[in-house]
Amino acid sequence: MVFALISCKGVNVDDLAESELAVYALIIANEPVKDVRVNYLTTLNGNKTGEPISDARVFIATQGVEVELSPDPATPGSYYDEAAALEVLPNTTVSIRIEYKAKRATASTIVPFETEIVSVSASTIPVDETSLGQPVFSVLWTQQLGYSHVLTLDEPTNGDVIPFTVPSGLFSAQYRLPVPGQGATLYDVDFTYYGAHTLSIITIDADYDALFFSAFDALDQRVDNEFDNIDGGTGFFGAATKSIVEIEIIEI
């Protein structure tokens, strides 16, 4: 990234800039550790710029076991557990340590309990393409004090499109923020395709639920958020659990 230049003759930009490690990571229980982002964040004249770091040493530890993550060759500044050697379980503590040149950043977080699904309506759902929008699926879960829930939907993008005559595929717009309460109702027009879908109910600490769907393009923008739990740097390190519900959308 291009740093701002100072026109004042004889002034060294590096002497005026403040630099620190910036970290962004959300660890999912029972899944391999991936997409741990590390940036070198520089603040100059109130402006922040972030440069991905691909040669840091990044360590994740839990239950007395520590592994060093590998840089992801496909995404500069992203690190992952290449051997999938670390097991992250619900209701445990996970820690991170980043070392880069003379800088060192650390953080820890508690993995939530996995959310218990209390009830689910019929998961094979016939959909009428002439519908103007009606509820077709509901799910209820247990509520944990201090935690929030977010929903994601994996759709069969190679499936047949449901030919609704009204706007459809509305799931991402409806559930772009954490879901209040203990359940959710999906409408037929939330879906785009016929076929198998996976609905994920993700449990996260309420302190950083707003970060989960922050649509930022660069890490230096993410870490401007008020929530920050990185010692020796900036950003956030969190953990979540995921409960899965399978849904099949069929023609009526």
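Computed quantities for the displayed model
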read-out	value
Verdict on S108 being within 24 Å of D228 (Cβ to Cβ) and either among the small types (G, A, S) or in contact with a Cys (Cβ under 7 Å, 6 or more places away or on another chain) (or both)	yes
Residue satisfying condition, being acidic (D, E) and without any contact (Cβ under 8 Å) to a residue 60 or more places away in the chain, within set E82, E114	E82
Qualifying residue in region 56-78 (condition: open to solvent by less than 30 Å² (accessible area, probe 1.4 Å) and acidic (D, E))	no
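The values are calculated or read from the model by the stated rules, or taken from the named source; none is laboratory data. What you see is a predicted model, and the numbers here were worked out from it, not measured in a lab. For neighbour counting, all protein chains shown are included, and Cβ atoms are generated from backbone atoms with ideal geometry for every residue, glycine included. In case anyone asks, the SASA skips ligands and DNA or RNA and just uses the protein heavy atoms, side chains included. Shrake-Rupley method; radii C 1.70, N 1.55, O 1.52, S 1.80 Å.
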